[in-house]
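Single-structure report; data block below.
Coordinate-derived values only; no laboratory data. Please read all numbers here as calculations on a predicted model, not as lab measurements. Glycine also receives a Cβ, built like all others from the backbone with ideal geometry; neighbour counts cover every protein chain displayed.
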């Protein structure tokens, strides 16, 4: 039999799943005012999303001849306007010449409701487009987490550093603008002139310019004296900067080595000032880390529910299979935010004290 060879081209398709963490704009989120802490205990959480008609059809939410129109939720949000400042997106209605690519504004809701009538509220995911409900499915947990640096009492979300310093920044901008205006008037002030002075010469403010007049120059042109106050305003600006340091804990001293501060103080006093200033920053970091902790728990839950095969991971210099689907409970999982270990000096002092105690015990 003659040898028969074949020219074969093989195409392999490999599907790989992964956990995605995305940032959601605050103006697109709707949260029940009854929420006080964790979003997992909230009775209602929703996100505004825009999906094309083709993507809704691929997901099986609509049929070929089904017509769904967005009801265009009436909203005017200052943050949405600010984000659209550089790119003109406010006038785009999401409609194109291709009907399949028209954007439909949907509301992805996560709410607790007694759907089966057993008297207990269950967590369900409801997708709404316009006035139609596209899906209503049970879900294990709400896939959202939030992180804020400053908490507000009786609210699930707090404020940012911008909210703490917005009014101070407005005051500082006004002071600097007034200082510049005063400097402009001092360098190129106003004058009182009579009809014997050439007006064109006075309007032209070039250095070394000549002013023509037919009368006595001392009486024809009288300058309006402007009191220079730029130095006083700069002192006020420094006071405003100190207000920022009191609210946020961020100052020129904590951002790096200040030669003037180091020259006039001792090392211990400087360290005490640094620790006092960074205490508020560490508090913000701890509060913000709680949101990162929730993200880690959500990723863990996503792996447990949707990982369908073991993953090869390197543990202790050995490749071992890890199957997240076998993690039935979360009792052995602890999320550590990695804060509170102290500075290098504090760790060194603690180790020295521990060594002394071990020597005494021996």
Can you tell me the order of 199-206, 137-144 when each peptide is scored by its average per-residue count of other Cβ atoms within 10 angstrom, highest first?
137-144, 199-206
Gain on full stretching of the segment that runs from residue 7 to residue 163 - 0.36 nm per residue minus C-alpha separation:
49.4 nm
